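Trainee: This is the structure I have questions about; it appears just below.
The values are calculated or read from the model by the stated rules, or taken from the named source; none is laboratory data. Just so you know, these numbers come straight off a predicted model, no measurement behind them. Cβ: placed from backbone, ideal geometry, glycine included. Neighbour counts: every protein chain shown.
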Amino acid sequence: MRNYRQYCGLAAGLDVVGERWTLLVVRELLLGPRRYGELLADLPGMGTNLLAERLKSLCRMGVITKDDQVYELTERGRGLADAVHALTRWGLSFLGDPSAEAVCRPHWGLFGLQAMADGSRVPGLDESYEFRIDDEVFHLRVAGGEARAERGPADRPAMVMTTDARTFVRLGSGSLTAAEAAAAGLLSVCGDPKASARCAKVLGLRREAA
């Protein structure tokens, strides 16, 4: 294991998760426990030997644990959530239009929602939004100044959005507006028209992007 040999919290953290692919493994596990084959399938481009090496290292450092062939984050590993979400928000500004070979998984949209949502942006709001992304469904619940994104349909959603994974990420990055996506037949939204604006505000999207 490489070591920066610097007595600094950032350097110590990078000693653990700074290797290529490591934070993407953490991203997958922040969404819940996964089996080895599931991780390999959702980390396209990562070879099986490298994945095995990264998992072994993270287990050794106490970031993840393995039980009955299922990997999940430890309490220490879950402590990475805020840092990984912040890096996700920061990285969105670097996303342009995806290349033809770029892979995009629907559940990465759920991760993006978790990273972007902030219920305090709309004080007093109490409603839910449902997102149907390719073959997956998840929702965002906003109440009490907090926002929580989870898998599954919403209970009485104020808005339902249907689109594909690439379009959803492009909406989040601001490289495509909702109006442009709808005009191209890539997006449909139903429910309270004002709910879409409130949802966009919770996600911190610019008015023109929404």
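Trainee: Quickly run through region 183-205 and pick out the residues that are touching a strand residue (DSSP E or B) at 6+ places or on another chain (Cβ under 9 Å) and under 17 Å from ARG89 (Cβ atoms).
Mentor: Scanning region 183-205 gives CYS199, VAL202, LEU203.
Trainee: Taking helices (runs of 4 or more DSSP H) that fall entirely within region 61-121, which contain at least 1 residues that are out of contact with any strand residue (DSSP E or B) (no Cβ under 6 Å at 6 or more places or on another chain) and under 30 Å from THR177 (Cβ atoms)? Can you show your working first?
Mentor: Details: elements: 75-78, 81-92, 106-116.
In region 61-121, the matching helices (runs of 4 or more DSSP H) lie at 81-92, 106-116.
Trainee: Right, next: Being part of a strand (DSSP E or B) and in contact (Cβ under 8 Å) with a residue 60 or more places away in the chain is the filter here; which residues of region 9-60 pass it? Walk me through how you get there before you give the answer.
Mentor: Step one: list which residues in region 9-60 are part of a strand (DSSP E or B), which gives 34-35.
None; the set is empty.
Okay, residues lined up against (1) under 30 Å from GLY174 (Cα atoms); (2) modelled with pLDDT of 95 or more; (3) in contact with a Pro (Cβ under 7 Å, 6 or more places away or on another chain):
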position: LYS66; (1), (2), (3): no, yes, no
position: THR74; (1), (2), (3): no, yes, no
position: ASP82; (1), (2), (3): yes, yes, no
position: GLY96; (1), (2), (3): yes, no, no
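Trainee: A follow-up question, please. Which of the following residues is in contact (Cβ under 8 Å) with a residue 40 or more places away in the chain and of a type in the set (Phe, Trp, Tyr): PHE168, PHE131, PHE138?
Mentor: Numbers: PHE131 fails: in contact (Cβ under 8 Å) with a residue 40 or more places away in the chain; PHE138 fails: in contact (Cβ under 8 Å) with a residue 40 or more places away in the chain.
Being in contact (Cβ under 8 Å) with a residue 40 or more places away in the chain and of a type in the set (Phe, Trp, Tyr) holds for just one of PHE168, PHE131, PHE138, which is PHE168.
Trainee: Oh, and also: Of LEU95, LEU125, LEU113, which residue is surrounded by 17 or more Cβ atoms within 10 Å (Cβ to Cβ), within 16 Å of THR167 (Cα to Cα) and not aromatic (Phe, Trp, Tyr)? Spell out how you get there, then give the answer.
Mentor: Numbers: LEU95 fails: surrounded by 17 or more Cβ atoms within 10 Å (Cβ to Cβ); LEU125 fails: within 16 Å of THR167 (Cα to Cα).
Result: LEU113 is the single residue among LEU95, LEU125, LEU113 that is surrounded by 17 or more Cβ atoms within 10 Å (Cβ to Cβ), within 16 Å of THR167 (Cα to Cα) and not aromatic (Phe, Trp, Tyr).
Trainee: Among what's in region 162-179 and is outside any helix (DSSP H, G or I), under 17 Å from the mean Cα position of the chain (by Cα) and modelled with pLDDT of 95 or more, pick the residue that is surrounded by the fewest Cβ atoms within 10 Å (Cβ to Cβ).
Mentor: My answer is ASP164.
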